[in-house]
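Notes follow the structure.
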């Protein structure tokens, strides 16, 4: 039995504020947006790039209310984790 065909796809999702755009490749991203993206990715606060599979993509396409609640929970979790690291660093000095 022949192997099924495998298709690999990629996309670049740029979300800022209320705007959310999906491009087929980095080359399709407009020059001004690409420049801002490169600056942000090379900045001191850049650490994570999300490479999404289908389940992750579906999760990000949740209704705006659910998405904003999810973002708030993630921000709270990151804040608490950062606070725990800071307190541990202070106490072990």
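The values are calculated or read from the model by the stated rules, or taken from the named source; none is laboratory data. The structure presented is a predicted model; accordingly, all values stated were derived computationally and were not measured. All Cβ positions, glycine included, derive from the backbone under ideal geometry; neighbour counts span all protein chains shown.
Remarks
- Note on the stretch 36-53: residues that are surrounded by fewer than 10 Cβ atoms within 10 Å (Cβ to Cβ) and modelled with pLDDT of 70 or more amount to 4.
- For the stretch 63-80, the criterion of being at pLDDT below 70 and surrounded by 10 or more Cβ atoms within 10 Å (Cβ to Cβ) is satisfied by at least one residue.
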